[in-house]
Amino acid sequence: SATYITEHIKIHFHVNTPLLESISMSKHVGTTVFLKMENSQPSGSFKIRGIGHLCQQRATQSKGVVCSSGGNAGMAAAYVARKMGLPATIVVPSSTPQLVVQRLKDQGATVKIVGKVWDDANGEALRLTETEGLTYVPPFDDPLLWQGHASIITEVAASLGPVVKPGAVLVSVGGGGLLCGVIQGLKDVGWTDVPIIAMETVGADCLNAAVKAGRVVTLDDITSEAKCLGAKTVCKKAFECTQSSELTIISELVTDQQALHAVETFLDEERVLVELACGASLAAVYSGLIRRLQDEGRLPTVLGPLLVIVCGGSSIDMKQLANLKHKLQT
Ligand code: PLV
């Protein structure tokens, strides 16, 4: 039927990313490590999965999109809008590095710099939605985004085949959209017994603060250099998932220094450059955090393959890496 055909020729903006076994990371952690290489998405991060899906559902009749972002949601929105022939306005906070502003412009987007942190920029994006009649593209808090991100896990399941199942999944948390997508994906493939380790940096720790407080809380400020994890309030759904017994979610923190060290080690060992937001996840492997969780009995001693979502990110180049090294020197 016609619906059958449209369903099956539906285009995706994201690509099916490689799932790589990392020998060096496996050595660090003592179990097989699989890397889901979301850094190789056309927009440089996993964000394109959810945002592509959301725009296909909501922006087909749109006169343009507006997205508030720490950088990577904006990169995805700008890419998708360009492919859909729509103008894109990306609102970023002043903490966003110039290199990202330039990359957004190169994607054809109009860039507005508003406020100090993402929450400020989001206020402006919501205002433009009202005054300009643009379609609002949220960076993390929308079920359509989670549905799009869930494809990460369905792809992993297809790559691993029916007999291999991860022992745990490692993700970075900003506003919690990736986490919600991974949870959705684990449910979709029937892997609800696979624990999730949700990583943040100290100073961009809205999920960890909520877990500690037992309710959603708003951070006073973002003091971490991992600006793409810098939402002051985690989305409600992500917090609720930590309170439910359906899945095990372990919320953990690393310092900016540990995240940076992980970015450098990953560059050396895997020859891939990712930003600090992604380094937060990688640090769980390199800093010995996974082994500590095993020692504490919070993860099984004999752990199945560790699945690392390499979320990627565009806020990095050799110059920015040097800047961060300089800033974070103690
Ligand atoms: N970054 C969002 C929110 O920033 C953005 O606007 O780009 N890894 C990378 C490379 C990211 O860019 C992000 C989110 C995350 C992880 C975390 O994803 P989330 O927000 O869905 O938890 C303020």
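Brief remarks on what is shown
- Search result, residues across segment 293-330 that are at positive phi and within 16 Å of the ligand (Cβ to nearest atom): G312, G313
- Hey, I290 under 20 Å from V29 (Cβ atoms) and in contact with a strand residue (DSSP E or B) (Cβ under 6 Å, 6 or more places away or on another chain) or not: no
- Residues that are in a strand (DSSP E or B) and away from the ligand (no atom under 16 Å from the Cβ), drawn from segment 152-174: A168
- Residue match in segment 54-64 (condition: over 30 Å from V164 (Cβ atoms) and within 16 Å of the ligand (Cβ to nearest atom)): yes
Each row is one residue, and each column tells you yes or no for (1) open to solvent by 10 Å² or more (accessible area, probe 1.4 Å); (2) acidic (D, E).
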{"site": "D205", "(1), (2)": "yes, yes"}
{"site": "K212", "(1), (2)": "yes, no"}
{"site": "S224", "(1), (2)": "no, no"}
{"site": "G230", "(1), (2)": "no, no"}
{"site": "E240", "(1), (2)": "yes, yes"}
{"site": "S245", "(1), (2)": "yes, no"}
{"site": "E270", "(1), (2)": "yes, yes"}
{"site": "V274", "(1), (2)": "no, no"}
{"site": "A283", "(1), (2)": "no, no"}
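- Any hit, segment 290-298, residues being surrounded by fewer than 19 Cβ atoms within 10 Å (Cβ to Cβ), within 22 Å of I197 (Cα to Cα) and either touching a Phe, Trp or Tyr at 6+ places or on another chain (Cβ under 7 Å) or in contact (Cβ under 8 Å) with a residue 40 or more places away in the chain (or both): yes
The values are calculated or read from the model by the stated rules, or taken from the named source; none is laboratory data. Not measured: the values here are computed from a predicted model. All Cβ positions, glycine included, derive from the backbone under ideal geometry; neighbour counts span all protein chains shown. Side chains are part of the model used for accessible areas, which takes the heavy atoms of the whole protein and leaves out ligands, DNA and RNA. Shrake-Rupley method; radii C 1.70, N 1.55, O 1.52, S 1.80 Å.
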